[in-house]
Amino acid sequence: MPASLRPDVAFDAGATLGEGPVWDEEQQRLLWVDILPGLVHRFDPATGSDDTFGVGKPVGSASLRRDGGLVLAVEDGFALLDPAWQRLDQVAVIEHPGPPARFNEGKCDPAGRFLAGTMAYDETAGAGSLYRLDPDLAVTKLLDGVTISNGLAWSADGTTMYYIDSPTQGVDAFHYDIDTGRLANRRRVVDIPVAAGIPDGMTIDADGCLWMALYGGSAVHRYAPDGHLDTTVSFPATNITCPVFGGREFHQLYVTSARDGLDERQRAAQPHAGAVFAVDVGARGLPGLRFAG
Ligand code: BGC
Ligand code: CA
């Protein structure tokens, strides 16, 4: 492996289920969540400091708002955090049908809507959904029958949405109607062999390639637009959850990980499980998309 593809530990957080990294280019900080304890983290790579906001319930994902603060997918709906990180307002309560469930990954589309999906805690097949929160705070269900709603990414022109429902072992693409936020024409674009791990979070680079975390696979993979695997980055932790590009030139790939899902022996062998890693992969990311509400 070239030396440049060896990840560094950026922040040895020991997170239970570190997830959803988002780069704030204005503050030059990395936002991320620890889903199960319900913590939103703000990490400053320049100083190594990290502060947290406790949501009081599991938090699946967070995204920046255009006017400051965050939009969150919390266990049972959507919430807005003010710019001072003092006041949390739950703006939508969503009852999950079926077994106990929670929100998982979410991300903003290029028009400033926030999309986030759900999963049953026990991963019951088909018990999850994908929802859209519009800037006027209206909620629309986009997909049903999802199992573990995970990675989301949009092509630079906004017309293609990439989506991972983890147990399907791959990435689907949709035609995305940027004016209405509607999905159409679902098709499979990447298949992941079971032996490589479970497809989890993803981000897209300036060349339109997808960078995908492999939970259980100790890796991040890059897939070219034609679906072929062209880069593998290995990590000293099995459960790699989500990548995002950050840093001044969007050249650092920040990657979250989890201690969750490891037995005692694996935890002892993987002291950096739950860390935020950083690796210069020689590609560039794009500025993150923000919520318009
Ligand atoms: C979920 C985990 C799950 C993992 C792999 C994550 O997004 O939060 O609960 O184990 O994906 O599917
Ligand atoms: Ca995830």
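Data table
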{"read-out": "Matching strands (runs of 3 or more DSSP E) fully within the range 165-214 where at least 3 residues are surrounded by fewer than 22 Cβ atoms within 10 Å (Cβ to Cβ) and at pLDDT 95 or above", "value": "170-177, 182-191"}
{"read-out": "Filter result for residue 61 (of a type in the set (Ser, Thr, Tyr), under 16 Å from the mean Cα position of the chain (by Cα) and over 15 Å from residue 274 (Cα atoms))", "value": "yes"}
{"read-out": "The range 1-19 - residue that is open to solvent by 10 Å² or more (accessible area, probe 1.4 Å) and small (Gly, Ala, Ser) and, of those, farthest from residue 116 (Cα to Cα)", "value": "3"}
{"read-out": "Residue identified as within 29 Å of residue 219 (Cβ to Cβ), surrounded by fewer than 21 Cβ atoms within 10 Å (Cβ to Cβ) and among the charged types (D, E, K, R) among 67, 24", "value": "24"}
{"read-out": "Residue that is farthest from ligand 2 (Cβ to nearest atom) [pool: residues in the range 122-154 that are surrounded by fewer than 15 Cβ atoms within 10 Å (Cβ to Cβ) and among the charged types (D, E, K, R)]", "value": "136"}
{"read-out": "Which numbered condition residue 20 misses (of (1) in contact (Cβ under 8 Å) with a residue 60 or more places away in the chain; (2) away from ligand 2 (no atom under 15 Å from the Cβ); (3) not aromatic (Phe, Trp, Tyr))", "value": "(2)"}
{"read-out": "Strands (runs of 3 or more DSSP E) fully within the range 221-293 counting 1 or more residues that are within 16 Å of ligand 1 (Cβ to nearest atom) and not hydroxyl-bearing (Ser, Thr, Tyr)", "value": "240-246, 252-257, 276-280"}
{"read-out": "Condition check for residue 158: away from ligand 1 (no atom under 16 Å from the Cβ), open to solvent by less than 40 Å² (accessible area, probe 1.4 Å), part of a loop (DSSP other than H, G, I, E, B) and touching a residue at least 60 places away in the same chain (Cβ under 8 Å)", "value": "no"}
{"read-out": "Qualifying residue in the range 124-132 (condition: within 16 Å of ligand 1 (Cβ to nearest atom) and closer than 25 Å to residue 69 by Cβ)", "value": "yes"}
{"read-out": "Odd one out for residue 75 among (1) within 15 Å of residue 19 (Cβ to Cβ); (2) open to solvent by less than 20 Å² (accessible area, probe 1.4 Å)", "value": "(2)"}
{"read-out": "Inter-residue pairs, beta-carbon under 9 Å, first in a loop (DSSP other than H, G, I, E, B) and in the range 141-152, second within 8 Å of ligand 1 (Cβ to nearest atom), 6+ apart", "value": "147/119; 147/123; 147/166; 147/167"}
{"read-out": "One residue from 55, 40 being touching a Phe, Trp or Tyr at 6+ places or on another chain (Cβ under 6 Å), farther than 28 Å from residue 175 by Cβ and buried (at least 20 other Cβ atoms within 10 Å of the Cβ)", "value": "40"}
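The values are calculated or read from the model by the stated rules, or taken from the named source; none is laboratory data. Quantities reported herein were computed from a predicted structural model and do not represent experimental measurements. We place every Cβ from the backbone using ideal geometry, glycine too, and count neighbours over all the protein chains shown. What goes into the accessible areas is simple: the full protein's heavy atoms, side chains included, and nothing from ligands, DNA or RNA. Shrake-Rupley method; radii C 1.70, N 1.55, O 1.52, S 1.80 Å.
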